[in-house]
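Worksheet for the structure shown next.
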Amino acid sequence: MTTVTKAEAPHNKFDRQTILVLDFGSQTSHLILRRLRGLDIYAEMLPCTTKLADLPFKPKGIILSGGPSSVYDEGAPHVDRAIFDLGVPILGICYGCQEVAWQINNKNVARGEAREYGHADVNINKVDAHVDRLFAGIGESMHVYMSHFDKLVSLPEGFVVVGSTKNSEFASIAHKTKDIFGVQFHPELEHTPRGSELLRNFSVDICGAKPEWKMGDFVQQEITRIRTLVGDRAQVIGAVSGGVDSTVAAKLMKEAIGDRFHAVLVDNGLMRLDECKQVKETLGKHLGINLTVVDAVDLFLGRLQGVIDPEKKRKIIGSTFIDLFEKEAIRIEKDAENTPNAGKVEWFLQGTLYPDVIESLSFKGPSATIKTHHNVGGLPQRMMDGQGLRPLRLLFKDEVREIGRKLGIHHDLIMRHPFPGPGIGIRILGEVTPERVEIARKADNIYISMIKEAGIYDQMSQAYAGVDTNKAVGVMGDTRVYGYIIILRAVTTSDFMSAEAFEFPWKLLQDIARTIVNSVDGVSRVTYDLTSKPPGTIELE
Ligand code: XMP
């Protein structure tokens, strides 16, 4: 495949309306973005160490996030002092507030003796029209959530106190004449119920950002951006899986460059029951996407024969996928020769979402928890670097779903649980054989259908039926049977990094178990996996 040298434009067309969040490594920094986007205000996040001279756009305002450090720690992160000369409003949150005070005079912040953690009520002082804008409309007190160790012990020069709690005299501060504000609490957390109002006051009223972040506009802008990047000859290839991310990304590509976008579905024999057929119908027929289905069932199952080590299984599935994907790219280029669309395959589509972008930009550095295998099809790093087109890179999952709805994608697909690239290959413990694939598929189909019928599918984050390595004895009628053990898994999670087993109504779980044993030949038992993550993982392998 041709190597792409062009760089994807990193920022969006809302540059002039962007609130920039500088991240000091707090667990909740991304929630500031979520809250702002929920208010239709566009926000992006960069590491706190960003040199302002390198900023490719001028933000409307800057928010300094919280963070785990103490401003006194050796190597503690500090913001480029140039932010104070940029002439845009600044709001410091928690560590960000201490950072503002410390930058002005390092005696303003003291190490705490004990962490202040939990709910508090801030009494709001009325000062003057300039200062009062931060808490405008909120009243005389505000319920907030605190989580800090160090605290302000004196006011930075030129500042006044806007809010105090029992434990923090300087719970909120503001500069008397400049647009610089600080809060010791966390307005981004749900535990601070009126936090959004404060963030809105800052972003819209103080910074003047227009609440214009609308998904419809985003779709149009992204289509234009893709057209400009790709030009009028190049081809783009993208793996699709039937999941919401790859489907929305593929539909955006189709809208942007028509049939020069080639969606490839590799049928590896490890998809769910009838899934391949469904993807063909949805993407090919309903969405009009130029889709090729590569039938590679025998190739994958052949290579997996006799393999029981989970990592080996993943590697075989991943590398076989890449071989086929690269072959497809060559075929597409060949087919396009001598046609008006005779461009090379210069880009490949990635379904990367904003949380992964944030992780990779995080001040803490790319997190060890990021898994490259979590990209569509499990693409390896060499294909991830430099030549990917990422139309969803600025979006959170719920925003992708909203776009999916706008693009006419069916509700069931939009709300579908995630499905891993290696498919049911990592849900069948031990060797993957055609017989075990068949059993896993049938059991999974019954399980998911009964969950949907019970109306609880959307209450869980992921559910599936897997197959154990061992067999167990059972009795059916008068006959002794020796059959497979099905492992049911269902979890709830907000980030897939940690998860809890879903609490089923007992009767439903019993019904599911009975139906599976009665309907799937070769199964003698059904178990429910209660393990949380950690120590378990969501998948079985
Ligand atoms: P684990 O099993 O690591 O899974 O707790 C967390 C989330 O990641 C998904 N997952 C994968 N997704 N390729 C993918 O595209 C993979 O190889 C892969 N492994 C795990 C898993 O389904 C869950 O949502």
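The table for this structure:
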| read-out | value |
| --- | --- |
| Length-normalised contact order for the chain - Cα pairs under 8 Å, 6+ apart - percent | 12 |
| FRET efficiency, 1/(1 + (r/R0)^6) with R0 30 Å, evaluated for K471 and N518 via beta carbons | 0.95 |
| Whole-Å distance, taken between Cα centres, linking segment 321-349 and segment 466-484 | 48 |
| Alpha carbon centroid spacing (whole Å) that separates segment 221-264 from segment 39-84 | 33 |
| Potential extension, I456-I330 segment - 0.36 nm per residue separation minus Cα distance | 40.9 nm |
| Shape of segment 215-414, Cα gyration tensor, a/c cut at 1.5 | rounded |
| Å² of accessible area per residue within segment 6-206, as computed with a 1.4 Å probe and no ligands counted | 42 |
| Accessible area of the chain belonging to carbon and sulfur atoms, whole % at 1.4 Å probe | 50 |
| Semi-axis lengths, Å, the chain, gyration tensor of Cα atoms, sqrt of 5 times eigenvalues | 47, 30, 19 |
| Interchain or long-range residues, amide H under 5 Å from V162's placed H | S172, I173, A174 |
| Spin-label pair M415/K107, simplified geometry with 7 Å Cα→Cβ offset, distance in nm | 6.1 |
| Karplus (6.51, -1.76, 1.60) ³J(HN,Hα), θ = phi - 60°, over segment 72-86, in Hz, Gly and Pro reported as x | 8, 4, 5, x, 4, x, 10, 7, 4, 4, 4, 4, 6, 9, 6 |
| Cα gyration tensor shape for segment 433-528, rounded if a/c is under 1.5, else prolate or oblate | prolate |
| The chain, helix-only ellipticity at 222 nm - DSSP H runs n ≥ 4, -39,500 (n - 2.57), divided by all residues, nearest 500 | -9000 deg cm²/dmol |
| Alpha-carbon centroids, segment 23-37 and segment 146-184: separation in whole Å | 20 |
| Assigned charges on the beta-carbon of Lys, Arg, Asp, Glu; the chain dipole about Cα centre (debye) | 500 |
| When each of K277/K313; K254/K344; K254/K334; K285/K533; K214/K327; K58/K151 is checked by Cα-Cα distance, pairs over 27 Å | K285/K533; K214/K327; K58/K151 |
| L349 long-range amide H proximity, modeled H, under 5 Å | I237, G238, A239, L389 |
| J(HN,Hα) series, segment 146-157, from Karplus relation 6.51 cos²θ - 1.76 cosθ + 1.60, nearest Hz, glycine and proline x | 10, 7, 8, 10, 6, 8, 6, 10, 8, 7, x, 4 |
| Prolate/oblate/rounded call for segment 59-127, Cα gyration tensor, a/c under 1.5 rounded | oblate |
| Rounded tilt (10° steps) of 506-519 against the dominant C-alpha axis of the chain | 30 |
| Amide H partners (placed H, <5 Å) of V21, local residues excluded | E44, M45, L46, I63 |
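The values are calculated or read from the model by the stated rules, or taken from the named source; none is laboratory data. Given the structure is predicted, the values throughout are model-derived calculations rather than measurements. Quick reminder, even Gly has a Cβ in these numbers, built from the backbone with ideal geometry, and neighbours come from all protein chains shown. Areas reflect the complete protein model, heavy atoms only, side chains present, ligands, DNA and RNA absent. Shrake-Rupley method; radii C 1.70, N 1.55, O 1.52, S 1.80 Å.
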